[in-house]
Amino acid sequence: MPSHSETKTESAPPSRRRFLATAATGAAIAGFPAIVRAQAPITMRFQSTWPVKFIYHELAVDYTKKVAELTGGRLKIEMLPAGAVVPGLQVMEAASKGVIDGGHGIPAFWFGKNTAFGLFGAGPDFGMDGNQLLGWMEYGGGRELYAEILAAAQLDVMSFHFCPVPCEPMGWFKKPVKGTADLKGLKFRTSGLAVDMFNELGMSTVQMAPADIVPAIDRGVLDGAEFASATDDRIMGFPDVAKFYFQQSYHMSNNFCEVMFNRKKYDALPDDIKVILKYAAHAASADGLWKEMHRMSQDLIELQQSKKVSAFITPRPILDAQLKAWSNVVKKRSAENPLFAKVVESQRAWAKRVMYWHNTVQVDQKAGYAHHFGKGPLA
C-alpha cells in the first residue's frame, strides 16, 4: 500500500506557475484576431454595367463567388446590376470616386474618357481573339499601358482583365445585307471605336442605351444594331423585331471583361487577399470562357429553331471592307492621341509574333468539324 508521501501531489514552483499562466494568456490573445476575422469579413459593394439577367452580370457574380471561396469568406463582394447605384456607363468613374467600391464592365465603355480605352477589346484585332489579347495584357505590356491610360484619365482604380468575349456578331437587320452597298445610309446602333469603323462604311451610326435599342428597331428609328451575343441578344428581345442575324465581324472581335477596385480600398486590403484577387480573375477567365461556349452555342441554335431567326455569316466583301476601315480609323486616332498610337504599336508587335506562331502551328479546325459533322448550320 502506498505511503502518504507517495500519493501526495507536488505543487509547481511559483516561477513555473507564472510562466504557464502567461503562456495561456498569450495563446488566447494570439488566437483572437482569427476569431475577429471570422466574425467580421471585409465587405465591398460593387456594381456591374450589365442588367441582372445578362450572362456578363452572371460572370461578374461568379468572380465574387471565387473571391469569397478563395479567401475563406474574409472578403465578400456584393455585385449589384446596372442602375442600382449609378447608370452602367458611370461605373468606372463611380468606382474611382468611391461612390462604389468597384465594378465590372469592359474597357470600351470608358472610351469617352480616353480613346485609347477603345483598343482594349473593341479596336482592330490584328488577327487576335480575346484570349490572345489577354495574353498581351499579361505578357506583352498591356497592363502597364492600361495603367498609363488610367492615370491620364485621372481614374483612381486598380483593374484586373479577364474572361475573353467570343467574337461579337455584326448585328441584327430588318433586311439581309449582301455587300457594302447594302450598308450605305443604314441607321445602325453601335458604340465606342466601332462607331468610327462603321461610319467609314457609309453607315449612319447611333449610340443609345441598351434598353432603347429594340424599341428603336421596332419603330423604324433604326435599321439594325449590334449588341453582344446570341445569349444576351435573345434576352434583349432582338428576335422579336429583326430576323436577319449576321455572325462574324471585326468591330469587336477580341473583347474581354474588367473588374475594377477603388484604389484606396484595394490598397488597404491585406497582401494575401490582393494576390487572391489576381488569381481569382485568372480562374474566372477560364471558367467564364467555358460558360460562354456552353450557353452561347445553345442560344444561337435556339434562336434559329424556336425564334425563326435567319442567321448568316457576314459576307466576305463586308469583312474585307471592315479591315480597310480599321486601317483608316487607326491612322486618324493615332494622330490625335499619342497614347492611342503607343497602344497600337505594342499590340501590333505582340500580334505579329504571337499570331505568326499561332497560325503556323494551329491546324484548320473548320476542316476537322466539316469532316466529322458536315457543313455547319451557317456554311
inquiry  = Among (1) touching a strand residue (DSSP E or B) at 6+ places or on another chain (Cβ under 6 Å); (2) surrounded by 20 or more Cβ atoms within 10 Å (Cβ to Cβ); (3) farther than 21 Å from E168 by Cβ, there is one condition L277 misses while meeting the rest; what is its number?
reply    = (1)
note = Counting only residues that are more than 17 Å from G192 (Cβ to Cβ), under 17 Å from the mean Cα position of the chain (by Cα) and small (G, A, S), the range 115-146 contains a total of 2
query = Given the conditions (1) touching a strand residue (DSSP E or B) at 6+ places or on another chain (Cβ under 6 Å); (2) buried (at least 23 other Cβ atoms within 10 Å of the Cβ), which single one is not true for A230?
reply = (1)
ask   = In this structure, does L339 turn out to be surrounded by 13 or more Cβ atoms within 10 Å (Cβ to Cβ) and either touching a His at 6+ places or on another chain (Cβ under 6 Å) or modelled with pLDDT of 95 or more (or both)?
value = yes
message = Given the criterion at pLDDT 95 or above, in a helix (DSSP H, G or I) and not aliphatic (A, V, I, L, M), identify the matching residue among D212, D218.
response = D218
message = Can you find, within the range 37-94, the residue that is farthest from W290 (Cα to Cα) among those that are of a type in the set (V, I, T) and in a helix (DSSP H, G or I)?
response = V91
note = In the range 120-135, anything of a type outside the set (A, V, I, L, M) and either part of a loop (DSSP other than H, G, I, E, B) or crowded, with 23+ Cβ neighbours inside 10 Å (or both) is listed as F120, G121, G123, P124, D125, F126, G127, D129, G130
query = Hey, does the range 305-325 have a residue that's of a type in the set (K, R), out of contact with any Cys (no Cβ under 6 Å at 6 or more places or on another chain), assigned to a helix (DSSP H, G or I) and under 20 Å from P239 (Cβ atoms)?
reply = no
message = F117 - would you say it is in a helix (DSSP H, G or I), within 25 Å of G237 (Cα to Cα) and not polar (S, T, N, Q)?
response = no
message = I'm checking my understanding of the structure. Among residues of the range 230-256 that are assigned to a helix (DSSP H, G or I) and of a type in the set (A, V, I, L, M), which one is nearest to D299 (Cα to Cα)?
response = A230
note = Inside the range 351-378, the number of residues satisfying the requirement of being part of a helix (DSSP H, G or I), small (G, A, S) and surrounded by 10 or more Cβ atoms within 10 Å (Cβ to Cβ) is 3
ask   = Has the range 125-133 got any residue that is more than 23 Å from K97 (Cβ to Cβ) and modelled with pLDDT under 95?
value = yes
key: Residues that are part of a helix (DSSP H, G or I) and crowded, with 21+ Cβ neighbours inside 10 Å, drawn from the range 97-107   = P107
query = From the set of residues in the range 155-198 that are in a helix (DSSP H, G or I) and of a type in the set (A, V, I, L, M, F, W, C), which is surrounded by the fewest Cβ atoms within 10 Å (Cβ to Cβ)?
reply = A181
query = Taking the range 245-268 as the region of interest, how many residues are among the aliphatic types (A, V, I, L, M) and surrounded by fewer than 19 Cβ atoms within 10 Å (Cβ to Cβ)?
reply = 1
query = Got at least one residue in the range 257-271 being under 26 Å from L89 (Cβ atoms) and assigned to a loop (DSSP other than H, G, I, E, B)?
reply = no
note = Of the candidates F46, F111, F120, the one satisfying the condition of being touching a residue at least 40 places away in the same chain (Cβ under 8 Å) and farther than 29 Å from Q322 by Cα is F46
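The values are calculated or read from the model by the stated rules, or taken from the named source; none is laboratory data. What you see is a predicted model, and the numbers here were worked out from it, not measured in a lab. Using ideal geometry, Cβ is built from the backbone for each residue, glycine included, and neighbour counts are taken over all protein chains shown.
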